[in-house]
There are 2 protein chains.
Amino acid sequence: MSLKPSTPKGTRDFSPHEMAGRNYIFDTIKQVFKLYGYMPIETPAMENLSTLLGKYGEEGDRLIFKILNSGNFLEGVKEISVNESNKLSFDICEKGLRYDLTVPFARFVVQNQNDITFPFKRYQIQPVWRADKPQKGRYREFYQCDVDVIGSNSLLNEVELIKIIDNIFSLLNIRTITKINNRNILTGLSELIGMPEKITDITVAIDKLEKIGFDKVCQELISKGLSQTAIDMLEPVLKLTGSNHEKLNILRKIFKTSEIGLKGVDEMVEIFDYLSAFSLKSDIELDLTLARGLSYYTGVIIEVKSMDVAIGSVCGGGRYDNLTGIFGLPGVSGVGVSFGADRIFDVLSTLKLFPEEIQASVDVMFVNFGKKEAVYSLQVMDNLKRFGISCELYPDNSKLKKQLGYASQKKIKWVVMAGEEEIITGLLSLKNMHTGEQELVHSNELLNKLKINKKSHG
Amino acid sequence: MSLKPSTPKGTRDFSPHEMAGRNYIFDTIKQVFKLYGYMPIETPAMENLSTLLGKYGEEGDRLIFKILNSGNFLEGVKEISVNESNKLSFDICEKGLRYDLTVPFARFVVQNQNDITFPFKRYQIQPVWRADKPQKGRYREFYQCDVDVIGSNSLLNEVELIKIIDNIFSLLNIRTITKINNRNILTGLSELIGMPEKITDITVAIDKLEKIGFDKVCQELISKGLSQTAIDMLEPVLKLTGSNHEKLNILRKIFKTSEIGLKGVDEMVEIFDYLSAFSLKSDIELDLTLARGLSYYTGVIIEVKSMDVAIGSVCGGGRYDNLTGIFGLPGVSGVGVSFGADRIFDVLSTLKLFPEEIQASVDVMFVNFGKKEAVYSLQVMDNLKRFGISCELYPDNSKLKKQLGYASQKKIKWVVMAGEEEIITGLLSLKNMHTGEQELVHSNELLNKLKINKKSHG
């Protein structure tokens, strides 16, 4: 039987070349998370459906991959109608693949609350799965890199996350803008006009201001059912310009009578005050159109965009006060952001920002001239490996041309030839595959020569 | 709604403490794989069921987790009987979770054959899933660490894998014995007695020799249907002792007429000859009882056991000539081994062999004395981070005792206190949480003091 092999729709293999790029991203992110005192955890790929369902809205529930119960999964199922697939799925599936890392993290915190030192600073880098329609840049399996603090209300956590974002993208050489907003400000706006249900329409309209102008935005708001009085009250918000502090000053005046609105303004002022003490590489901008689904967040909302590639957000998150409550642990506030490794990969590829040295292959290949020479080479190689120089012996005694072709395709820089003559004289032929130069090097000198070369490349 | 949260049966969360141990194992393994010139790949968690089924035997097929098709999965299903769960599962599931890394790797090689430089040396470290009955040390989600060469018949690959095994376990300080056998020797034995179907019974019987003695083993073989003539021919095999070379010399005599048996002996002699040129830390032993499922391997079979913890094998593998054939790429030989991270973790835990420094937490915690002091501390911390020293500011202005308790629970060694007075004088209070000692350090000296301390532990 011969099958035509392929990966399932929306999933991908990663070649060594792609892995080098991905590991560069993961390593950079992890390094910064660790510098700021976050510790790694991992949770299982599968969660009980009872843990996952009802956390992502109706649409989210539909996109969860369900796992068929093992054994005779129809045992206990009395009757089946071919028209009731949704009902049946819950009879025959108890588990699903995780949809994000936030809900499993909340479950983890509640389940392990007695062993955790709060505030708990954790990071988690694992794949998630969504039965979304696959399209360019959207996959059914993709990695999330989450960093959260749970158990502290301090806005210093928000400040720290913004510094982490700045630190990571600056190390990756990606120019970004970090947009922040506050759920309390959005709630304040809806209080202001007495129409809490219109808050989405308002943010959508504000978002179009630059494109279509003030008058058309007002027309749109009226068509959505807002009164002229409401629009008059919103006018200063819609026309909000200036620096973050200027915007916040105007909002403070608008929110004279909205306690929650003022709370949002105060929080943002405190955050910007803290941030002014540090020289960040990227701009941080108060953006009232930022909502990110609304229902989830209870305080600050954060979203990061690449300034050079139009690809949606490369990082996002915010504060959530109620997440562990659904699992029986109320009153624990958390705040965190998630980095999208796949989009960051696309930005780095598009802008050709991957450093050359990460694609480095094996340091040295030894040519195979037969059994006796192989043993000699392997002994020389053992010594190189002790000093961290990676090397391989071509496994077969093939023609020299074929062996050099292999080294060249794998982009191996150095090739060592230790044939009969070299073994007698103790002088090895060292070929630089980049320049084509070849020289005789005493076996004792080989290590130093390669070590110096390795160092100068980082 | 309040749920009692838990992970699905047979799956686990990993805390920061456990992650430190696991990453120590993964990092050690990866480091050696890289030194020997192997490159990482990754494949999706899901594979098409057509890729997975029929590769692991009937029992294996049963243990594959199937994923319910998304959307209306009953569409097109005409009739359902509650007694036909197995048949229905293939109508409603197209995908499954990978069961090991070998079959996905074979699929990868065939699918990407035009982009791969052969011989292809790859490693892959990812979780696999099996719907096995969970029990102590057996999980439904566990990691495999596979290293394979594909596209080379040279026995130097087997030699390299044995060196890699020796290298990894010696770095981990685990005393192991590596047992090797050869499928051709086993086939030779069954040719010898003219009963190929009895080979499993023979290996099982040989395995009991030390425990129950020669006579009882013979009784058992007769009860399994072997003739006295067959047992007479096997007697020298059953009584095989001595060094690997002595054993192979006896086998060579026994196999006078078995071409395939002699091939097996020749291969083992060549491998042991190569190995004699290197000083390995662990013993390598020819073990005729080693079979590992038989049907899978076509040449050398390898299995590694811990000498100090009875836990089954911690690594195993062998040569397979036909794996890519089922996907339409015949004639490509591969050889590889898989390291069991979970069992290695258990061995290291049992023997208390995890190095202390891997549990290191954040390097420094700064006490939070309020907003002004926080900004000052954050600026000092930014400078420390630039030099790779990880630090965190306690996020809330809580009582000193609570903050120090947090540092102590997280096993943070250094605590810095920068209060109002310290800011004025420029002298920071540095407390060593291990010794309780406290001293005043000028902010310019702090970096050097912590750097020296970090180096001496790293």
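Which residue, of A:F14, A:F26, is of a type outside the set (A, V, I, L, M) and in contact (Cβ under 8 Å) with a residue 60 or more places away in the chain? First the steps, then the outcome.
On the way: A:F14 fails: in contact (Cβ under 8 Å) with a residue 60 or more places away in the chain.
When all the criteria are applied, what remains is A:F26.
Could you tell me which residue of the stretch B:63-81 is surrounded by the fewest Cβ atoms within 10 Å (Cβ to Cβ), considering only residues that are more than 7 Å from chain A (Cβ to nearest Cβ) and modelled with pLDDT of 85 or more?
This residue is B:L63.
Just to verify a result, which residue in the stretch A:278-331, among those that are away from chain B (no Cβ under 14 Å) and basic (K, R), is farthest from A:F108 (Cα to Cα)?
Among those residues, the one meeting the criterion is A:K305.
Using the structure shown, decide if B:Y143 is of a type outside the set (A, V, I, L, M) and touching a strand residue (DSSP E or B) at 6+ places or on another chain (Cβ under 7 Å).
yes
Could you give me the residue pairs with C-beta distances under 6 Å whose first residue belongs to the stretch B:87-107 and is within 11 Å of chain A (Cβ to nearest Cβ), whose second residue is among the basic types (K, R) wherever it lies, and which are 6+ apart or on separate chains?
If the second residue must be among the basic types (K, R), the pairs left are B:S89/B:K66; B:C93/B:K66; B:G96/B:K66; B:V103/B:K55; B:P104/B:R98.
Does the stretch A:318-341 hold any residues that are polar (S, T, N, Q), farther than 14 Å from A:G299 by Cα and not in a strand (DSSP E or B), and which are they?
A:T324
Could you check, for the stretch A:180-187, whether at least one of its residues is in a strand (DSSP E or B), in contact (Cβ under 8 Å) with a residue 24 or more places away in the chain and among the polar types (S, T, N, Q)? Don't jump to the end; show me each part of the working.
At the first step, the residues of the stretch A:180-187 found to be in a strand (DSSP E or B) are A:180-182.
Right, trim to in contact (Cβ under 8 Å) with a residue 24 or more places away in the chain and you get A:180-182.
Next, from what is left, pick out any that are among the polar types (S, T, N, Q): A:181-182.
Looking through the stretch A:180-187, at least one residue is in a strand (DSSP E or B), in contact (Cβ under 8 Å) with a residue 24 or more places away in the chain and among the polar types (S, T, N, Q).
Any idea which residue in the stretch A:356-371 is farthest from A:M19 (Cα to Cα), counting only those that are surrounded by fewer than 17 Cβ atoms within 10 Å (Cβ to Cβ) and either at pLDDT below 95 or within 10 Å of chain B (Cβ to nearest Cβ) (or both)?
A:K371
Only one of these is free of Cβ contacts under 8 Å to residues at least 24 places away in the same chain, of a type in the set (S, T, Y) and under 30 Å from B:N383 (Cβ atoms): A:S223, A:S243. Name it.
A:S243
Could you run through the stretch B:342-393 and say how many residues are in a strand (DSSP E or B) and in contact with a Lys or Arg (Cβ under 9 Å, 6 or more places away or on another chain)? If you could, list the steps in order and put the result at the bottom.
The initial filter retains those residues of the stretch B:342-393 that are in a strand (DSSP E or B), namely B:364-366, B:391-393.
Among the residues that remain, those that are also in contact with a Lys or Arg (Cβ under 9 Å, 6 or more places away or on another chain) are: B:364-365, B:391-392.
Result for the stretch B:342-393: 4.
Go through the residues of the stretch B:408-423 one by one and say whether even a single one is polar (S, T, N, Q), more than 30 Å from B:D146 (Cα to Cα), crowded, with 22+ Cβ neighbours inside 10 Å and in contact (Cβ under 8 Å) with a residue 24 or more places away in the chain.
So far as the stretch B:408-423 goes, no, none of its residues is polar (S, T, N, Q), more than 30 Å from B:D146 (Cα to Cα), crowded, with 22+ Cβ neighbours inside 10 Å and in contact (Cβ under 8 Å) with a residue 24 or more places away in the chain.
Which residue out of A:E58, A:E84 is surrounded by fewer than 17 Cβ atoms within 10 Å (Cβ to Cβ), more than 8 Å from chain B (Cβ to nearest Cβ) and not hydrophobic (A, V, I, L, M, F, W, C)?
A:E58
From the list B:G194, B:G137, which one is modelled with pLDDT under 95, under 18 Å from the mean Cα position of the chain (by Cα) and surrounded by fewer than 19 Cβ atoms within 10 Å (Cβ to Cβ)?
Among B:G194, B:G137, only B:G137 is modelled with pLDDT under 95, under 18 Å from the mean Cα position of the chain (by Cα) and surrounded by fewer than 19 Cβ atoms within 10 Å (Cβ to Cβ).
Of everything in the stretch A:1-55 that's under 19 Å from the mean Cα position of the chain (by Cα) and basic (K, R), which residue is farthest from the other protein chains (Cβ to nearest Cβ)?
The qualifying residue farthest from the other protein chains (Cβ to nearest Cβ) is A:K30.
Step by step: first the residues of the stretch B:291-317, then only those that are of a type in the set (A, V, I, L, M), assigned to a loop (DSSP other than H, G, I, E, B) and closer than 24 Å to B:S190 by Cβ, then the one that is modelled with the lowest pLDDT. Which residue is that?
Within the stretch B:291-317, the subset of a type in the set (A, V, I, L, M) is B:291, B:294, B:300-302, B:304, B:307, B:309-311, B:314.
When the remaining residues are screened for being assigned to a loop (DSSP other than H, G, I, E, B), the result is B:291, B:294, B:307, B:309-311.
So of that shortlist, the ones also closer than 24 Å to B:S190 by Cβ come out as B:291, B:294.
Numbers: B:A291: 73, B:L294: 52.
The selected residue is B:L294.
Exactly one of (1) more than 30 Å from B:K385 (Cβ to Cβ); (2) under 30 Å from the mean Cα position of the chain (by Cα); (3) touching a residue at least 40 places away in the same chain (Cβ under 8 Å) is unmet by A:A205. Its number?
(3)
Scan the stretch B:1-60 residue by residue and report those that are among the hydrophobic types (A, V, I, L, M, F, W, C) and outside any helix (DSSP H, G or I). Write out each step before concluding.
At the first step, the residues of the stretch B:1-60 found to be among the hydrophobic types (A, V, I, L, M, F, W, C) are B:1, B:3, B:14, B:19-20, B:25-26, B:29, B:32-33, B:35, B:39, B:41, B:45-46, B:49, B:52-53.
B:M1, B:L3, B:F14, B:M39, B:I41, B:A45, B:M46, B:L53, listed by residue number.
The values are calculated or read from the model by the stated rules, or taken from the named source; none is laboratory data. As the structure is a prediction and not an experimental result, all values here were calculated from the model. For neighbour counting, all protein chains shown are included, and Cβ atoms are generated from backbone atoms with ideal geometry for every residue, glycine included.
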